1. What's the number of the only condition in (1) surrounded by fewer than 17 Cβ atoms within 10 Å (Cβ to Cβ); (2) under 19 Å from G57 (Cβ atoms) that I196 fails to meet?
2. Among (1) polar (S, T, N, Q); (2) without any contact (Cβ under 8 Å) to a residue 40 or more places away in the chain; (3) farther than 23 Å from G77 by Cα; (4) crowded, with 16+ Cβ neighbours inside 10 Å, there is one condition N123 misses while meeting the rest; what is its number?
3. Could you please give the count of residues in the range 28-48 that are part of a strand (DSSP E or B), more than 14 Å from E7 (Cβ to Cβ) and not β-branched (V, I, T)?
4. Could you list, in sequence order, all residues of the range 10-32 that are within 29 Å of G190 (Cα to Cα), among the hydrophobic types (A, V, I, L, M, F, W, C) and either without any contact (Cβ under 8 Å) to a residue 60 or more places away in the chain or loosely packed, with under 12 Cβ neighbours inside 10 Å (or both)?
5. In the range 60-73, what count of residues is obtained for those that are in contact (Cβ under 8 Å) with a residue 40 or more places away in the chain and either surrounded by 19 or more Cβ atoms within 10 Å (Cβ to Cβ) or under 16 Å from N29 (Cβ atoms) (or both)?
6. If you take the residues of the range 85-103 that are touching a Leu at 6+ places or on another chain (Cβ under 9 Å) and part of a loop (DSSP other than H, G, I, E, B), which of them is farthest from E121 (Cα to Cα)?
7. If I ask for residues that are assigned to a helix (DSSP H, G or I) and touching a helix residue (DSSP H, G or I) at 6+ places or on another chain (Cβ under 9 Å), which ones from the range 145-172 would you list?
8. Working carefully through the options G47, G57, find the one that is at pLDDT 90 or above, surrounded by 14 or more Cβ atoms within 10 Å (Cβ to Cβ) and on the phi > 0 side of the Ramachandran plot.
Amino acid sequence: MNPTHLELTGVGISFPTDKGLYCALQNVNLRIAKGEFVSLIGHSGCGKSTVLNIVAGLYQATTGGVILDGREVNEPGPERAVVFQNHSLLPWLSCYENVELAVRQVFKGQKNRREMRDWIEHNLELVHMTHARDKRPSEISGGMKQRIGIARALAMQPKVLLMDEPFGALDALTRAHLQDSLMEIHSDLGNTVIMITHDVDEA
């Protein structure tokens with residue numbers, strides 16, 4: 001049995017509303033081993049994305065907590081990269097520059113300019129997007145934008161890749177292609193992935 005890499009223990013969160021506290025999650029427990037690919041499935045509004053946001057450090061759990069490799073998660077960090085349903089690319093930057101932005105943030109002082117360039121190109125190649133490196137988000141399709149979002153996340157070399165319905169806004173054919181690509185990438189890299197979906201077939 002693989003040792004626990006990521007652990008959620010008794011996680012709960014409440015949000016203030018006009019009518020008092022609203023309990024969105026209660027007593028969520030989960031253990032994930034290194035290299036596992038875990039899908040969280042459920043209907044809209046059941047709290048899947050809230051769990052993901054707590055693991056990402058974007059929300060603070062009201063009760064319980066998250067431990068990654070023996071350290072408590074209480075804020076965002078580069079060891080956890082998030083791919084959202086909305087690609088979140090900066091429209092004034094090219095595909096290459098969108099990935100470069102993340103690489104510079106994470107590897108500043110660790111990689112020289114040439115190593116950074118090689119690493120960015122490697123990650124664009126992983127998602128089959130080297131041909132569009134100089135295009136801006138407005139010049140590429142939704143599926144291509146999502147590929148760039150995945151490349152940007154992978155380029156951070158995160159311990160955990162968090163994906164919040166990453167293919168939800170795409171047409172069925174593009175979605176199927178990207179699902180296959182994601183499984184190939186996971187098989188090659190062996191990184192830990194948590195994916196949120198409400199689609200049973202996708203899970």
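1. Here I196 meets the rest and fails (1).
2. All conditions pass for N123, except number (3).
3. Here is the first cut: in the range 28-48, the ones part of a strand (DSSP E or B) are 28-33, 37-41.
Still in the list and also more than 14 Å from E7 (Cβ to Cβ): 37, 39-41.
Right, trim to not β-branched (V, I, T) and you get 37, 39-40.
Qualifying residue count for the region: 3.
4. Of everything in the range 10-32, those that are within 29 Å of G190 (Cα to Cα), among the hydrophobic types (A, V, I, L, M, F, W, C) and either without any contact (Cβ under 8 Å) to a residue 60 or more places away in the chain or loosely packed, with under 12 Cβ neighbours inside 10 Å (or both) turn out to be V11, V28, L30.
5. So the answer is 8.
6. Within the range 85-103, the first condition is being touching a Leu at 6+ places or on another chain (Cβ under 9 Å), and the residues that meet it are 90, 93, 95-101.
From what's left, part of a loop (DSSP other than H, G, I, E, B): 90, 93.
On the way: L90: 18, L93: 16 Å.
Taking the candidates together, the pick is L90.
7. First, pick out the residues of the range 145-172 that are assigned to a helix (DSSP H, G or I): 145-155, 172.
Within the range 145-172, K145, Q146, R147, I148, G149, I150, A151, R152, A153, L154, A155 meet the criteria.
8. Values: G47 fails: at pLDDT 90 or above.
Result of the check over G47, G57: G57.
The values are calculated or read from the model by the stated rules, or taken from the named source; none is laboratory data. All figures in this text were calculated on a predicted structure; none of them were measured in a lab. Using ideal geometry, Cβ is built from the backbone for each residue, glycine included, and neighbour counts are taken over all protein chains shown.
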